[in-house]
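No lab work stands behind these numbers, since they all come straight from the coordinates. On a predicted model such as this, the values are computed, not experimentally measured, just so you know. FYI the Cβ positions are ideal-geometry reconstructions off the backbone, even for glycines, and counts take in every protein chain you see.
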Amino acid sequence: MADNKEDGLVKSGTQQVATTDAPIDLANFDMTTLSDVEPVALKPKNIDPNDLAGTEDIDANEIRLPRLAVAQGLSPQMVPTESSFIKGLTLFEMFNDVTGEIYGNGPLTVVPVQRHVSRIQFDPDDAKVVLDREVPANDPRMQWSASVPGGKKDTPPAATEFVEFICMLLRKGKAPEPIVVSIKTTNKYMRQAAELWTTFIKLRGTAIYRGMYHITSKGEKGKTKEGQDTNFGVFVVKNAGFIPETPAGNVLLEMAKQFHESLQGKTIVLQREPGDEPTSFDTAAMDAGADRGM
């Protein structure tokens, strides 16, 4: 077989296969064993970083970023009959909506590289249908209204506001990975989390990607417009400090900076699900209660 090796290929009859170390004799190979090959989580060391075959025509704007979500009672990931069902996921746990990986209640460490606000109007009869992706902040569709004339403003706006933080997720033993923390501000406690995180970033007085934060999830209790008790999951954000000036810290900072720069001028693509947490809360009653510290 040694004489059949040319230009990194092993030839066997009309077949040929790429080789790395030892030549492979396809003529005498048991092909039925290939169905037993199991995937591995870590990238193999023999992968050529310059080999991008088959990816040349994929535009960066086509790439969907994964979203960090909190499991709610109505989340499709909690319903066994849904295609996105995640076995083992429990209420109020965090999960990756692309990979289906369960993170539990945290804490997770993240480095934000970009923050932006989206205001989107969904079809009231089908929450999966987007009617308008660019609703202005002062648009009437962003206003709360009363369910009865002269009553309290207890009906959510026609459009939904999302404050989104594009982050690098850091987990021990794993390379940093991109994830978006999309916070829907209709819910009081989620709105507090978004405002607090934004305040941390602003008061840091430097680039957004210089800071590190811890995110956990928990359950909260509330009441629907009908007065029924309900539970929902929320994010809790805490300031962890700055990226340190260490060899690893400097590399992390450079990665975060490059990630930030790569996002400039691009549209963020992710699956926003307006049903992730209830929107029909009696916010006036909730705001009258004691504020929760984040």
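Could you please report the charge total around Ile102, scoring K, R as +1 and D, E as -1 over all other residues with beta-carbon less than 12 angstrom from its beta-carbon? List each step's numbers first, then the result.
Values: positive: Lys87; negative: Glu93, Asp97, Glu101.
Neighbourhood net charge equals -2.
Using 0.36 nm per residue of separation minus the Cα-Cα distance, give me the extension gain between Ser83 and Thr216 in nm, one decimal. Spell out each step's value before the answer.
Numbers: separation 133, 0.36 × 133 = 47.88 nm, distance 2.63 nm.
45.2 nm is the gain from fully extending Ser83 to Thr216.
Just report the Cα centroid separation between the stretch 166-200 and the stretch 94-120, whole Å.
6
Among the listed pairs Lys45/Lys174; Lys188/Lys238; Lys238/Lys266; Lys87/Lys174; Lys184/Lys257; Lys202/Lys257, which are separated by more than 19 Å between their Cα atoms?
On the way: Lys45/Lys174 15 Å; Lys188/Lys238 17 Å; Lys238/Lys266 28 Å; Lys87/Lys174 23 Å; Lys184/Lys257 26 Å; Lys202/Lys257 17 Å.
Distance filter (> 19 Å) returns Lys238/Lys266; Lys87/Lys174; Lys184/Lys257.
So which trypsin sites (Lys or Arg not before Pro) in the stretch 161-229 pass both tests, a DSSP loop state and at most 13 other Cβ atoms within 10 Å of the Cβ? Let's see the in-between values first.
Working: sites: Arg171, Lys172, Lys174, Lys184, Lys188, Arg191, Lys202, Arg204, Arg210, Lys218, Lys221, Lys223, Lys225; in loops: Arg171, Lys172, Lys174, Lys225.
The qualifying sites are Arg171, Lys172, Lys174.
Using modelled amide H (1.01 Å from N, peptide plane; none on Pro or chain starts), what sits under 5 Å from the amide H of Gln114, excluding residues fewer than 5 places away?
For Gln114, whose amide H was placed from the backbone, the distant partners under 5 Å are Ile166.
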